[in-house]
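Have a look at the structure below before the remarks.
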Amino acid sequence: MTPTTQRQLNVLLRKATSFHTHLGPFLVLGLKAGLIALRALKSRQGDPQLHVEVELPYRVPISCLLDGIQFSTGCTIGNKRLTFKDSTNITLAFRGQDATVRLTLKEDSLEILHPLFDGQHLGDEQLQQLAHILAVLNEDRLFSIIKRSVNR
């Protein structure tokens, strides 16, 4: 991750944590996913051409990913540019004007998050530790990223 993006992530983490009321690993994943998509699509936060479709197990803490995406992209459930579907997998599809970016969690991410998928209850301190680990990991260890041009 470039220094500029890391600084941007730190600012967004503070704002998102304030809104979301705590720092957790799925909030971080959502923020990072949004930043990856913005960069890949050569887009910006709040771009009205940007849309996101998320498939995820719709339960806390996994659903916290949605708040991270909202903060990083400006796509929200309210402006109807963020939609989600309850699923057993986690897949994020970002659509810009000329391309799409599809992100899925890699094995490294799943390994770090394993206790949460197994239904273990972690305390706030443990969740924050996981969040900080994910925040500094390179995106290529977190996500599989596929970019495709949109045929018009």
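Sort Lys15, Lys85 so that the residue with the fewest other Cβ atoms within 10 Å of its own Cβ comes first and the one with the most comes last.
Ascending Cβ contact count within 10 Å gives the list Lys85, Lys15.
Think of the chain as having a plus end and a minus end, set by charges on the Cβ of Lys, Arg, Asp and Glu; of Leu137, Gln8, Leu110, Gln8 sits farthest toward the positive end of this dipole. Taking the 0 to 90 degree range and rounding to the nearest ten, how far is the long axis of helix 3-20 tilted relative to the main principal axis of the chain, both from C-alpha atoms? Between helix and principal axis, roughly 70 degrees.
Ordered from longest to shortest, the equivalent ellipsoid semi-axes for the chain are 23, 16, 15 Å, each the square root of 5 times a Cα gyration tensor eigenvalue.
Spin-label pair Arg148-Asn79: with each label point 7 Å from Cα along the Cα-Cβ axis, the two points sit 2.6 nm from one another.
Say the cut-off is 24 Å between C-alpha atoms; which of Lys15/Lys85; Lys32/Lys106; Lys85/Lys147 go over it? List each step's numbers first, then the result.
Details: Lys15/Lys85 26 Å; Lys32/Lys106 14 Å; Lys85/Lys147 21 Å.
Lys15/Lys85, as the Cα separations exceed 24 Å there.
Straight-line reach from Lys42: taking Cα to Cα under 16 Å and skipping same-chain neighbours fewer than 8 places apart, the aspartates and glutamates in range are Asp98. Using a cutoff of 8 angstrom between alpha carbon atoms and counting only pairs six or more residues apart, the relative contact order for the chain works out to 27 percent.
Computed from the coordinates by the stated procedures, all read-outs in this text should not be read as laboratory data. Quick caveat: nothing in here was measured; it's all calculated off a predicted structure. So basically every Cβ, Gly included, is an ideal-geometry build from the backbone, and we count neighbours across all protein chains shown.
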